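Read the structure below first, then the notes.
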Amino acid sequence: MVLQPSHAQYALKQLEDATVVGNKVCNMFAKNAGLLDHKEEKMGEVIGLIRVMPSEVISDEKLQKMIEDIKKIIKPPARLGRINIKDIAFGLRGLDVTVLIPDSAGGLEPIVELITKVKNVDSAEVTDVGRI
């Protein structure tokens, strides 16, 4: 199949439109997570959603302790957005941790590595990333 110039132009236009929409969604996500001032948007930052899974079904107290430990780990220049408890299955609950970090800080992997060292954490992985 030969791609005609008009098809290529159409495809590029669709990609540009998708990029614009994606950027707007990332900014909206960051604002809703409390990571951006509604009047001022910052450039050169990455927002990430980290899914944290415990090693087993744990009590509410242990889950709250995990949350407190994660809050202590995230230090400037990174900023913590929200930590949401996510029901997975059969009593197992995970955490969705929203983090904003400058591009120059080295990304989300150092934070993920620190989170995996928290007591009762089995795994932590970045499930969504966007640039602001």
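Read the figures in this text as sums done on the coordinates, not as results from a lab. Everything numeric here is computed off the predicted structure, so don't read it as measured data. Cβ placement follows ideal geometry from the backbone for every residue including glycine, while neighbour counts extend to all protein chains displayed.
What is the distance, in nm, between label points placed 7 Å from the Cα along the Cα-to-Cβ direction at Val129 and at Ser55?
2.8 nm
Which length gain, in nm to one decimal place, applies between Asn120 and Ala89 when the Cα-Cα distance is subtracted from 0.36 nm times their residue separation?
9.4 nm
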